[in-house]
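Have a look at the structure below, then the notes.
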Amino acid sequence: MKLKAILRRMLSMCPEAWYIFRRGLQLSAFLMLCAFALLLEWNGNMLERYELYMTAVSLMEITQATLLISVLASVLIEDVQS
């Protein structure tokens, strides 16, 4: 029941908030894909490719921060509009 109410509320967002939310999800997915590609290139070799591992970890952290900021921005815009 709560999930239905959450989805109904999300789908009735204003266009600007919905745009920011969608673009934040797209950017997060792209950054996660880049981090995954770096981890595949890393191949578990800690001595020679430590920089690739740390870059992938930082991309995952940036992904989480981007998603959080986009959700907060869309909620703020939605509250201001209504």
What's the total number of residues in segment 42-81 that are open to solvent by 100 Å² or more (accessible area, probe 1.4 Å) and either touching a Cys at 6+ places or on another chain (Cβ under 8 Å) or more than 23 Å from S12 (Cα to Cα) (or both)?
8
Of (1) aliphatic (A, V, I, L, M); (2) touching an Asp or Glu at 6+ places or on another chain (Cβ under 8 Å); (3) open to solvent by 70 Å² or more (accessible area, probe 1.4 Å), A17 fails just (3)
Sole residue being hydrophobic (A, V, I, L, M, F, W, C), within 27 Å of V80 (Cα to Cα) and in contact with a helix residue (DSSP H, G or I) (Cβ under 6 Å, 6 or more places away or on another chain), chosen from A17, A5, A35:
A17
Which members of segment 1-40 meet the condition of being over 22 Å from the mean Cα position of the chain (by Cα) and either outside any loop (DSSP other than H, G, I, E, B) or closer than 22 Å to Q64 by Cα (or both)?
K2, K4, A5
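The values are calculated or read from the model by the stated rules, or taken from the named source; none is laboratory data. Here the structure is a predicted model, which is why all the values come from computation and not from measurement. We place every Cβ from the backbone using ideal geometry, glycine too, and count neighbours over all the protein chains shown. Just so you know, the surface numbers come from the protein's heavy atoms only, side chains and all, with ligands and any DNA or RNA stripped out. Shrake-Rupley method; radii C 1.70, N 1.55, O 1.52, S 1.80 Å.
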